[in-house]
Amino acid sequence: MKKWNWREKGRDRRRNGHRSDWHRDNRHRTQEQRYSGSDAGPSHRDPPSDSHADGSSSSSSSSAPELPGFYFDQEKNRYFRLLPGHNNCNPLTRELLQEREMEKQRSRLLTEDEKPRKKAPRSGLNSALLLQKRHLGLLPGSSYCRLIHEVKVSGMRRHRLEVQSSDTNSPNTDNFRLIVGDSACERVFTVNDVSHGGCKYGIMNFQGCNRGSLSVEMCDNLYFTNRKVNSICWASVTHSDSHVLLCLVGMAETPGCVSLLPASLFSNSNPDQPGMLCSFKISTAWSCAWCLNPQADKTFSTGLSRRVIVTDAVTGRRQTYGISSDVLAQQFALRAPVLFNGCRSGEIFSIDLRQRGRRDHSWKASRFHQDSAITSVRLLQDENYLLAADMLGQIKMWDVRVTRPVQQYKGHHNEHAYLPLHVNEPEGLLLAVGQDCYTRVWSLGDGQLLRTIPSPHPAGKDLIPSVVFSSQLGGRRGLPGLLMAVRHDLYYFPYNSDYQEGGEGRGEGRASVAAEAVC
């Protein structure tokens, strides 16, 4: 008796022209995919065509069920088996696939971002039509200013800046970590990572002109440290923005400290004395802020683990406030000596420095919470309103008087990074760089996302861009624009879309900028 073999039986059935039930049914399944061997998984049916007719932006990968151990390839429209990532032999992991998909999206958006756009994304109007409606009385002043800034933001194009330096033989090859501009945006304090460990810091001087050109010169003196810079702010000791306040984290046997450095220290060509230089023994400070209110003159604060220290920079006198969480963000109010703090617990509270004698927590003038660790707090000119960002990517505007959010800005991406907010009230804009390395611009008034700018370089955890936005970038003669530092490159996004490297702009660009001056 012949032993039964399922392989031979299958060959006999195919030889005799028979097909299995699966093959018969497969003739009516035109959208079903075949999968085989070690690189295949279960079948997947494409979504019906009417799902695309509805205008849905979801792709076939979003409707494909997620199967353990497999991933769905959009281009090939089939499943593939994920390979283990513990070996170095062509590992294929979900994280690697996500990085590839993000890089494809970044490249596509970068190409689209190069195309000139001179219309407001929501209204579809350009500068000339807006100015015409304004002259005809069809647009109130506030609406005109808001729309003209939308046109300018959508028309900003990227230009790479060449940094001039006295040492031309050694160009900058160290990645930018952080840039912070002074109040006039004529100087930008920079922190760069150093390849052999630690970092270096210095000051770049900017000079703009009314045609939109921008020149950059690096200072002569650069200072190196093996400690990490946690936080920076400009300080007004002898005059406006005369010093820089740095929070340095200790490394190994080197303790952390807070340094108050004169800005003139970074220039060899300055004949004046450097000025007051102080170092305070405050270790592991997460944040710092300088007070400009006359009632607390020459006072700065530092946020540490479970406490806040307010220090007089001249006398060294300190006041310590004990709290229950780490303070990651701080800012002083201008009209009153009130310090706003954002904590790792999500709590936001204010300290009135005029209530120093109280030992209980009654010195907390206001308290409210967000759902995650606070990474940045920014007060508006109307100090009844405060902007706060957290590690869930939420950005909210709070009314401090009633401790309720009145506006939310959606689209920001953050999971665990310390990412600041940038507010420009004259232009009515809010900016933030996400952990996905995209720079997003919102309308400060209504919370609408106006522009998403991809990074010029591939995204990475250590390659998040640092930005500065100013209404007069480079001083009084400068125009509104965005400054972006990523890797060792510096980029300029001017309002003038017809900006050229030599500083000459065409007549249309100058006319559009002149129209903006009506605001």
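The values are calculated or read from the model by the stated rules, or taken from the named source; none is laboratory data. Keep in mind it's a predicted model, so treat the numbers as computed, not measured. When the accessible area is computed, the model is the full protein with side chains, heavy atoms only, and any ligands, DNA or RNA have been set aside. Shrake-Rupley method; radii C 1.70, N 1.55, O 1.52, S 1.80 Å.
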#### Entry: Surface per residue (accessible, 1.4 Å probe) for region 173-331, Å²
44 Å²
### Query
Taking the Cα centre of each part, how many Å lie between region 443-483 and region 183-210?
16 Å
### Message
Let me cross-check residue 66: its accessible surface, 1.4 Å probe, with only protein heavy atoms counted, in Å² to the nearest 10?
### Response
150 Å²
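So if the hydrodynamic radius of region 180-312 is defined as the Kirkwood radius over C-alpha pairs, what does Stokes-Einstein give as its diffusion coefficient at 25 °C and 0.890 mPa s, in µm² per second? Don't skip to the answer; put the middle values down first.
On the way: Rh = 15.8 Å.
My calculation gives 156 µm²/s for D.
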